[in-house]
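Read through the structure below, which is laid out as structure tokens, and then see the notes.
Every number here is computed from the coordinates shown, using simple stated rules; none is lab data. These figures come from a predicted structure and were not determined experimentally. Here the Cβ is made from the backbone with ideal geometry for all residues, glycine too, and neighbour counts use every protein chain on show.
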Protein chains: 2
Amino acid sequence: MTGVPEPAVPDGDGRRPPSVRPRTVPGRRRAEIAEAAARFFAEHGYHTVGMREIAEAVGMRGASLYNHFSSKEEILYAIALAMTEVPVEQHIPLLDAEGSPADRLAALLRAHIRHLADHRVEHLVGLRELAALTPEHRAVITDHRRYYQRRVRDVVAAGVRAGQFAVDSPGRAAVAVLDMVNGISWWLRPDTDVDELVETYLGLALDGVLQHAREDRA
Amino acid sequence: MTGVPEPAVPDGDGRRPPSVRPRTVPGRRRAEIAEAAARFFAEHGYHTVGMREIAEAVGMRGASLYNHFSSKEEILYAIALAMTEVPVEQHIPLLDAEGSPADRLAALLRAHIRHLADHRVEHLVGLRELAALTPEHRAVITDHRRYYQRRVRDVVAAGVRAGQFAVDSPGRAAVAVLDMVNGISWWLRPDTDVDELVETYLGLALDGVLQHAREDRA
DNA sequence: GTCTATATTTCGATAGAC
DNA sequence: GTCTATCGAAATATAGAC
């Protein structure tokens, strides 16, 4: 599509493929609870939402929640974890597939934005409520994020080497692109045309941010 | 600098110059309290920080804070308000000054990023803790944000008309640029070189996002 | 304007029956 | 696995002396 030489090997060095541990939200009831909680957390903030409120939304009493989660923080952790585990497990392999750096990054961003749009509230909660997690849980989440970000940086650098991208600092550009797309979760509306959104942001990222080197500017 | 025709009149229609009301953080003591509170809110989250904690940081007891703020939420409101009033009052006029759309937007983004870097924690709190505000206070903040965003959209549109920018949707592009630069407050470090940061992001925005139309891409 | 002391409310979590 | 009942802790905010 963009017609440029492509490296057959992964551009990331692949160190520390994050040790993906616990299952995320298994069990029908757990998933229901986490989903309802995410809606409330997104709208009112983690700390203002009570266990009784979450329980009522799924048709049970507050105490019964403790048969599914050991604490309120565990609910938040399950939500935040799903929003980083899925991208790492399902989107990062797209960077290791065949194709040019630009094509592989396009595939990742497409999946990323779709996932974000399909789980807008969970994504927002995972971004905003990091401070409410225990230090241990927060470390797991931020490790995933850092790994994801590093892999994006690596494919950007590969694109620069392949002549597909023109950026001074692949790290800065990767952060800028991810901040830009993650910003979507703050304002996305249910009636937004996701197909159009995805293609617009692909253009903004691949043909915009990642092509920002121009000669006629100091 | 970028050498392009410039409209002598503002591109924004100027409707609803936001009625800037209450003074923000007047009084030495108020400013001290708000500053300390912002640090704690940014690090631990609004709801996990107690009035006693804030009070201790400024050398008084919890009850004494109520001589300066009528509630904890008022402290948060003062912080959030300062982060939207200053940009509206001091940055928006840069859009009404002389110069091409690109030059005027560059001036605004420069001021925006510097302000953000100078008040990183307050900016982060203002972005993240909106849900903790009363509906009335939240409405004030979001009105400011919407106005600011609309003025950026208008200057982007003016730049498109002047042939300086190439974007399909000025509204989308404006949101993308603002999300990108506001994302800085999540990861900025005290030792970051702000001058370099500002120029990098100006390039990412003006020469990147706002130039994303390319012919060789579907 | 700051203090001590405390009122009042709310919430996360547990105990134990069924 | 869900319920009722409740514990215990923590927090905001207030009262009133100085």
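So if I take the centroid of the Cα atoms in region B:83-145 and the same for region B:43-59, what is the distance between those two points in Å?
When both Cα centres are located, 25 Å separates them.
Compute the acute angle (0 to 90°) between the alpha-carbon long axis of helix A:135-161 and the principal axis of greatest extent of the alpha-carbon atoms of chain A; round to the nearest 10°.
Tilt relative to chain A: about 20 degrees.
Could you tell me which of A:A31, A:S169, B:S100 has its Cα farthest along the dipole of the protein assembly as shown towards the positive end, charges placed at Cβ (Lys, Arg +1; Asp, Glu -1), taken about the Cα centre?
Farthest along the dipole direction, towards plus: A:A31.
What average count of beta carbons from other chains do you get within 10 Å of the Cβ of residues in B:143-156? Each step should come with its number before you reach the end.
Details: counts 0, 0, 0, 0, 0, 0, 1, 0, 0, 0, 0, 0, 0, 0.
Mean shielding by partner chains, rounded to a whole number: 0.
Only Lys, Arg, Asp and Glu count, each charged at its Cβ (+1, +1, -1, -1), so figure out the dipole size of region A:71-209 about its Cα centre, rounded to 20 debye.
On the way: 15 positive and 21 negative charges, 92 e Å.
Dipole about the Cα centre, nearest 20: 440 debye.
Report the longest stretch of chain A that contains none of the trypsin sites (Lys or Arg not before Pro) sitting in a DSSP loop with at most 10 other Cβ atoms within 10 Å.
Values: sites that count: A:R15, A:R61.
My reading of the result: A:62-218 is the longest stretch.
Using Cα-Cα distances under 8 Å and only pairs 6 or more residues apart, what relative contact order does chain A have, in percent?
Numbers: 222 pairs, mean separation 52.7, N = 218.
Averaging sequence separation for qualifying contacts and normalising by length gives 24 percent for chain A.
Counting helices only, and only those DSSP H runs with n ≥ 4, report the 222 nm mean residue ellipticity of the protein assembly as shown as the sum of -39,500 (n - 2.57) divided by its residues, in deg cm²/dmol to the nearest 500. All intermediate terms of the calculation are to be shown ahead of the outcome.
Values: 20 runs with 246 residues, N = 436.
After summing the helix terms and dividing by residue count, I get -17500 deg cm²/dmol.
What FRET efficiency comes out for the pair B:S71/A:Y66, r = Cβ-Cβ distance, R0 = 25 Å, nearest 0.05?
With R0 = 25 Å, the Cβ-Cβ based efficiency is 0.15.
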